[in-house]
There are 2 protein chains.
Amino acid sequence: MSPFDINRIRELGPAVSNESVEREPGPSPCGACSVRHLTFCAPMAEDELGHVSKIVSTIELHPGDPLFDEGEPADSVYSVTAGAVKVYKLMPDGRRQVIGFLFSGDFMGLAHNDMYAYSAEAITHSAVCRFPRKKLEQLLERFPKMERRLLGMASHELAAAQEQMLLLGRKTAKEKIASFLLHLSKRAEARGQNPNPIAVPMSRTDIGDYLGLTTETVSRTFTQLKTSHLISLQPANKVELVDLQALRDIAEGA
Amino acid sequence: MSPFDINRIRELGPAVSNESVEREPGPSPCGACSVRHLTFCAPMAEDELGHVSKIVSTIELHPGDPLFDEGEPADSVYSVTAGAVKVYKLMPDGRRQVIGFLFSGDFMGLAHNDMYAYSAEAITHSAVCRFPRKKLEQLLERFPKMERRLLGMASHELAAAQEQMLLLGRKTAKEKIASFLLHLSKRAEARGQNPNPIAVPMSRTDIGDYLGLTTETVSRTFTQLKTSHLISLQPANKVELVDLQALRDIAEGA
DNA sequence: ACGCCGCCTTGATCTGCGTCAACACGTCCA
DNA sequence: TGGACGTGTTGACGCAGATCAAGGCGGCGT
């Protein structure tokens, strides 16, 4: 699991160093960001790539750092290049709904009007790429095919959101937790990370706010799954999915 | 009161008839469909419009008629031109989550892969416009700006889905119902219909499956709001929002 | 006109999860 | 070294909403 084997692309734009690459689990803004440009816009011709790399900048975030808040003018779109970020909505009395957890390769900030629809905050030490909206739009003007890629990503997001509605509206606590773990595993695999002892970097409270549960219920359900030998809790916030099929059965409500 | 009782599904082929304009609140496939093309793709040049009208066909649906099922190959995108349609997901044991209610001007079927992510079924006597995916894609090739419109619509959908997550995960039954009624009202207004005594064409069961509640709780909450003089239930499934501000306060959890 | 059938409403009871509370454990810093 | 703090776990109890059950009502077909 070597984080980023750079070589892929060298940044042409500002704030670029073609040598500085961290191989750590920690963020590696530049290298990872390059990789992300590819993911974000791939496949992309050389000239396109040049244009894209000129408009981005990398931001490093520490655990708990806010990136933007719901209601702020949405002047940028972001792509996560390392770490984990949560996006959430708040009610006036403080009730919180986590809309999603973002990892390397995920994007956020596509707003249908001019304001962010949610707040974003780093969970772990993270790095994100910033795409100023104005410049991104100019780029879309120039390379209309990028819109299809964006549309594809938005559709994907939409399908995920609808799946989450089913979870929030109709699943039990146990089904929610099982679905959540399987989802995390699938996404880790998709991004080339170890899908089985999965990293679970977010707190019980965050998980609860994502699944429509309290931290106590999350905790109890974890121990229940552990006691039934479906999962095993490991050090460093890792969770091993011991009986995948049983978890799948539970997640689907079978 | 059956505005039209013609043959069930009447495919209108390439030509959009420009004369048949209905004046009824009931569905009006041809006229409305034309209008919808405009909405779907507006603003659109004359030649574009010509192209679009060549690829669509109109389908008439009666209450309870299915349009497509989750898991089917997604060969078409649909735009509702009259009536009301629900889209929903099912769990193996029959639990149901209604993902959304669609009215005139709404579209569905944007799938991120090749299968529909949900099932669609008419609630009232309805009409929808069918856009074969293949032909739509050719059109997108020819008129890339349409993709921006589609992207805008998808982003809008996404924001709505995220708002619904907050509702499903964190709101009480009363807050859910109040939010739902206000949402219906806003959408009726957006489409130029009466926003106050609002039409509520879907059943209590559908509402419950949309809000993550049972029909009994939906019913009880309606009577509770009625008893508190916040709403008034009128004949023909109409609901009057008597105290808008109080409803808004409840919906926001204030 | 009648009876059937869906949908809605209402009541009684049950329960999954929330709430409140206590405590264990690790980390940080004085 | 100790204590304050944040995070996680566990227990006891309560409640919002689910479940079970019983009508009411209106539309529709014969």
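Structure summary
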quantity	calculated
Within segment A:216-236, considering residues that are more than 14 Å from chain B (Cβ to nearest Cβ) and within 11 Å of DNA strand C (Cβ to nearest atom), the one most open to solvent (accessible area, probe 1.4 Å)	A:ARG220
Strands (runs of 3 or more DSSP E) (entirely within segment B:53-162) containing at least 2 residues that are open to solvent by less than 30 Å² (accessible area, probe 1.4 Å)	B:57-61, B:76-82, B:84-90, B:96-103, B:119-122, B:126-132
Qualifying residues in segment B:163-174 (those that are charged (D, E, K, R) and more than 7 Å from every other protein chain (Cβ to nearest Cβ)) - the one least open to solvent (accessible area, probe 1.4 Å)	B:LYS171
Verdict on B:ALA251 being within 14 Å of chain A (Cβ to nearest Cβ) and either within 16 Å of DNA strand D (Cβ to nearest atom) or more than 23 Å from the chain's Cα centre (by Cα) (or both)	yes
Lone unmet requirement of (1) open to solvent by 10 Å² or more (accessible area, probe 1.4 Å); (2) closer than 25 Å to B:GLY71 by Cβ for B:GLY208	(1)
Test: residue in segment B:178-191 that is small (Gly, Ala, Ser) and either without any contact (Cβ under 8 Å) to a residue 40 or more places away in the chain or out of contact with any helix residue (DSSP H, G or I) (no Cβ under 9 Å at 6 or more places or on another chain) (or both)	yes
Residue under evaluation B:GLN224, criteria (1) away from DNA strand D (no atom under 13 Å from the Cβ); (2) over 22 Å from the mean Cα position of the chain (by Cα); (3) at pLDDT 95 or above, criterion not met	(1)
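Every residue, every condition in (1) open to solvent by less than 20 Å² (accessible area, probe 1.4 Å); (2) on the phi > 0 side of the Ramachandran plot; (3) touching a Phe, Trp or Tyr at 6+ places or on another chain (Cβ under 8 Å), yes or no:
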site	(1), (2), (3)
B:PHE180	yes, no, yes
B:ARG187	no, no, yes
B:ARG191	no, no, yes
B:ILE198	yes, no, no
B:SER203	no, no, no
B:ALA246	no, no, no
B:ASP249	no, no, no
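The values are calculated or read from the model by the stated rules, or taken from the named source; none is laboratory data. A quick note: this is a predicted structure, and the numbers were derived from the prediction, not measured. For neighbour counting, all protein chains shown are included, and Cβ atoms are generated from backbone atoms with ideal geometry for every residue, glycine included. Keep in mind that these areas ignore ligands, DNA and RNA; they rest on the heavy atoms of the full protein, side chains included. Shrake-Rupley method; radii C 1.70, N 1.55, O 1.52, S 1.80 Å.
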